[in-house]
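Since the structure comes first, as structure tokens, the remarks are kept for the end.
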Amino acid sequence: MKYLLDVNALLALSFIEHQFHRRVATWVRILAEEGTTELATCSITELGLIRIVVRAPQYGFTVPQARSLLRRLKAASTLNFTFIADNHDISHLPDWVSTPKQITDGHLAQLARANGAILATLDRKISGAFLIPTER
């Protein structure tokens, strides 16, 4: 199985101090033990992570530092990270998208689906996405 991480899941995985780090890291460890799973990013999720860690005062990264963080995360993971190229325009947006807050989520969910993946998230409200489980 391949999972496209949304920005929040990628952020949580990146920082031990993040309130959901343990939840995401535990899930990733379990996937790694199963050995048949890939994690994926795309332009939106990578740029979203970089934007947050550069703009949010609690992180205080520069753009080069944020890029380095993402490269290290992808290289150090016990799972294979892949990159999903994004060639979807607005015509691919799912019909369930009806508010501005759903646009990016809908786009990512459809992008994942079109590339044999599923969107992995901490957000319970994304139709068709995989909710990263709480710790057991």
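Within segment 1-27, the residues that satisfy the criterion of being more than 13 Å from LEU131 (Cα to Cα) and within 12 Å of the chain's Cα centre (by Cα) are LYS2, VAL7, LEU10, LEU11, ALA12, LEU13, SER14.
For segment 17-35, the set of residues classified as in contact (Cβ under 8 Å) with a residue 60 or more places away in the chain and surrounded by 15 or more Cβ atoms within 10 Å (Cβ to Cβ) consists of PHE20, ARG23, VAL24, THR26, TRP27, listed by residue number.
Pairs meeting the criteria (first residue in segment 62-74 and assigned to a helix (DSSP H, G or I), second residue at pLDDT 95 or above and among the acidic types (Asp, Glu), beta carbons under 7 Å, at least 6 apart or on different chains) are LEU70/GLU46. Considering segment 36-61, and only residues there that are touching a residue at least 40 places away in the same chain (Cβ under 8 Å) and among the small types (Gly, Ala, Ser), the residue that is farthest from LEU4 (Cα to Cα) turns out to be GLY48. Which residues, counting only those in segment 92-115, are in contact with a strand residue (DSSP E or B) (Cβ under 6 Å, 6 or more places away or on another chain) and either surrounded by fewer than 21 Cβ atoms within 10 Å (Cβ to Cβ) or assigned to a loop (DSSP other than H, G, I, E, B) (or both)? Listed by number, the list holds a single entry, ASN115. Each residue in segment 1-16 was checked for being surrounded by 22 or more Cβ atoms within 10 Å (Cβ to Cβ) and charged (D, E, K, R), and 1 of them qualify.
The values are calculated or read from the model by the stated rules, or taken from the named source; none is laboratory data. Fair warning: this is a prediction, and the values are worked out from it, not measured in the lab. Here Cβ is always computed from backbone atoms with ideal geometry, including for glycine, and neighbour counts include all displayed protein chains.
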